[in-house]
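Taking it in order: structure first as structure tokens, then the write-up.
Values in this text are rule-based calculations from the coordinates and carry no lab data. Everything quoted here is computed from the prediction, not taken from an experiment. For neighbour counting, all protein chains shown are included, and Cβ atoms are generated from backbone atoms with ideal geometry for every residue, glycine included.
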Amino acid sequence: MSLVKTELDGILPLISRGKVRDIYRVDEQTLLFIATDRISAYDVIMNNSIPDKGKLLTKLSQFWFEFLRNDIKNHLVEIPVGKTIFNYLPKELSQDKYKNQIEGRSLLVHKYKLVPLEVIVRGYITGSAWKEYVNKGTVHGHSMVTGLKESQQLPESVFTPSTKADQGEHDENISVEQAQELVGEDLCHKIDVKARQLYDKCAEYAKSRGIIIADTKFEFGLDSNNELVLVDEVLTPDSSRFWNLANYEVGKGQDSYDKQFLRNWLTSNKLAGVDNVTMPEDIVERTRAKYIEAYEALTGQKYL
């Protein structure tokens, strides 16, 4: 069953509906993230959804949180063996009509003070970074080595922040200096070092599984000791560019394990950025297959 929108009938207060996740308040310290099967492209949410997408994103985030547990604290509430997420939620939510919306696609998380930055780490030059490099020889305002080709691996991973826009607004690429003005020089430096460390470790692992992580977006919070906490989702096809290592070729754009089929279809039908669009069934199925392929390749687990 595909889930486009959650309805918990006021049992928990709804805080926000994003492009994918519906976020509810459990108590003053705890939130419930429910990943729906909604999909957006060019900042527009499609009318129909990708079955199982929310479950795949949730499982993949859980995999990476576990993979990085010795490298950084994360926002997941630790649920002991023998208990489930429903032990921490109001009893009414164990009813089937709510359980079907929550089970397998939800994260119970601690609430932290959010750092107001989209922490993008790039290991390869592509997307908006490639466009800027072609036009100005820079990435987020900083000069880069000359002679780079599209999709080429960078000499080392780079932190390229953007603003964290309100819902419905666009994130804006900014320089590290602008990020320092937003959050302070010391915190910005900590984020730079930690984000690249996390990316490098995950990118090396992913390559061993046949996938290139070209870039990714992290989000961080701060605990009561002002230590960094990894929050939101981690290294999913919605927050990263995944490429197939076997098909990788420098000097051109790469096919991604994400919304590539959807973006191509929208563009070819002059529907990019248009509201009220319904995807044809073959685009739905091919997109779903790509999410499953990425999940299975990275985790080594079959998606059942």
Open item on the list: Whole-Hz ³J(HN,Hα) for each residue in the stretch 262-271, computed from phi via Karplus 6.51 cos²θ - 1.76 cosθ + 1.60 with θ = phi - 60°, x for glycine and proline: what do you get?
Closed with: 5, 4, 4, 5, 4, 5, 5, 9, 6, 10
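How much net charge surrounds T36 when only other residues with a Cβ under 12 Å from its Cβ are counted (Lys, Arg +1; Asp, Glu -1)? Kindly include the intermediate steps, with their values, before the conclusion.
Numbers: positive: K5, R17, K19, R21, R38, K53, K55, R105; negative: E7, D22, D37, D52, D238.
After counting each charged neighbour, the total is +3.
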Task: Amide proton proximity set for K73, modelled H, under 5 Å, gap of 5+ - done: L230
Task: Label of the coordinate-derived value, semi-axes √(5λ) of the Cα gyration tensor in Å, listed as (i) 37, 31, 20; (ii) 30, 24, 19; (iii) 36, 23, 18 - done: (ii)
- [ ] Would you mind checking which residues have amide H under 5 Å from V26's amide H? H placed 1.01 Å from N; only 5 or more apart, or other chain.
- [x] L31, L32
Task: Rounded to whole Hz, the Karplus (6.51, -1.76, 1.60) HN-Hα couplings of the stretch 107-114, x for glycine and proline - done: 10, 9, 10, 6, 8, 10, 5, 7
Task: Reach of K73 by Cα under 20 Å, taken over lysines that are not fewer than 8 positions away in the same chain - done: K59, K111, K113, K190, K194, K201, K217
Task: DSSP-assigned coil residues among trypsin sites (Lys or Arg not before Pro) in the stretch 21-129, each with at most 13 further Cβ atoms within 10 Å - done: R69, K83
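Would you tally the net charge around V231, using a Cβ to Cβ cut-off of less than 11 Å, leaving V231 out, and scoring K and R as +1, D and E as -1? Kindly include the intermediate steps, with their values, before the conclusion.
Details: positive: K73, K111, K113; negative: E219, D223, D232, E233.
Summing Lys/Arg as +1 and Asp/Glu as -1 gives -1.
Which value at 222 nm does the chain reach when only helices count, each DSSP H run of 4 or more adding -39,500 (n - 2.57), with the total divided by all residues and rounded to the nearest 500 deg cm²/dmol? Spell out each step's value before the answer.
Numbers: 7 runs with 92 residues, N = 304.
Value at 222 nm, helices only, nearest 500: -9500 deg cm²/dmol.
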Task: Amide H within-cut-off set for I120, under 5 Å, with H built and near neighbours excluded - done: T160, S162, F218
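Please give the peptides 2-13, 185-196, 265-276 ranked by average Cβ packing (other Cβ atoms within 10 Å per residue), highest first, as a rough proxy for protection. Spell out each step's value before the answer.
Numbers: 2-13: 14.9, 185-196: 17.1, 265-276: 12.9.
Result, highest mean first: 185-196, 2-13, 265-276.
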Open item on the list: With θ taken as phi - 60° and the coefficients 6.51, -1.76 and 1.60, list the Karplus ³J(HN,Hα) couplings across the stretch 132-142 in order, rounded to whole Hz; mark glycine and proline as x.
Closed with: 5, 4, 4, 7, 10, x, 10, 10, 6, x, 9
Task: GluC sites (Glu not before Pro) within the stretch 239-304, DSSP loop, no more than 12 other Cβ atoms inside 10 Å - done: E249
